[in-house]
Amino acid sequence: MSGASTATPYQFRILQVDDVTEDYVKWFSDVDIVRYSDNQYRTFSLVGQKEYVKSCLDNPDMDLYGIFDNGRHIGNITLSGFNSPHNRAEITYVVGAKDYWGKGVAAWAISEIVKLAKQHYKLHRLYAGCAEPNTGSRKVLEKNGFQLEGKRINHLFYNGEWMNQLDFGLNLS
Ligand SMILES: CC(C)(COP(=O)(O)OP(=O)(O)OC[C@H]1O[C@@H](n2cnc3c(N)ncnc32)[C@H](O)[C@@H]1OP(=O)(O)O)[C@@H](O)C(=O)NCCC(=O)NCCS
């Protein structure tokens, strides 16, 4: 499945193996970027990341979109599980170019995914989880109309600490 958007100010399309650069790999060695993510438990390399992107392209139940600004790859957003009989999918997102933080990139990318989820994937519902202290992640979901639906206590172990997971959902129909 694929989709694309040319809406300003950023660009958004399915990530390709040739989009994988050393800069992209370096996102995941930054403690600020992996602070609230399972990526802190993984190791990343150029070869490994190309294989990951290929595996996403081959996966009929997941789409990995890259977010670009004038050709520069600045973030990703994924939609997964959309073939489920429940007609719903999970979103995850990262703005890997830290110089773009606080500029509305994630809020914009989520709004694009919400549009695609309705128009292209014809989904009934989206959901996302985030660690409770991840204020930025929570705000970008709330800005897009996601509702807090639950809290899993001490569900996540990041940076040597237990933390709660907040579960958000958005009904589309
Ligand atoms: C969380 C993340 C996606 C936010 O992306 P972003 O593009 O900087 O977010 P936006 O610029 O769209 O911000 C939207 C709102 O959240 C706020 N916000 C963003 N980061 C914030 C932070 N760390 N603390 C408090 N508020 C924050 C912004 O101020 C803005 O609010 P406003 O419109 O009321 O001013 C980004 O910081 C990131 O990729 N972090 C690392 C990976 C990650 O945590 N992914 C989510 C896993 S659940």
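Residue count for segment 136-164 under the criterion of being of a type in the set (Phe, Trp, Tyr) and in contact (Cβ under 8 Å) with a residue 12 or more places away in the chain: the result is 2. With a requirement of 2 or more residues that are within 9 Å of the ligand (Cβ to nearest atom) and in contact with a helix residue (DSSP H, G or I) (Cβ under 7 Å, 6 or more places away or on another chain), the helices (runs of 4 or more DSSP H) lying completely within segment 24-140 that satisfy it span 31-34, 105-119. Would you be able to say whether some residue in segment 17-38 is over 23 Å from Trp101 (Cα atoms) and modelled with pLDDT of 95 or more? Yes: segment 17-38 contains one or more residues that are over 23 Å from Trp101 (Cα atoms) and modelled with pLDDT of 95 or more.
The values are calculated or read from the model by the stated rules, or taken from the named source; none is laboratory data. Treat the numbers as computed from the prediction; the structure is a model and nothing was measured. A quick note on method: Cβ atoms are made from the backbone with ideal geometry, for glycine too, and the neighbour counts reach across all protein chains shown.
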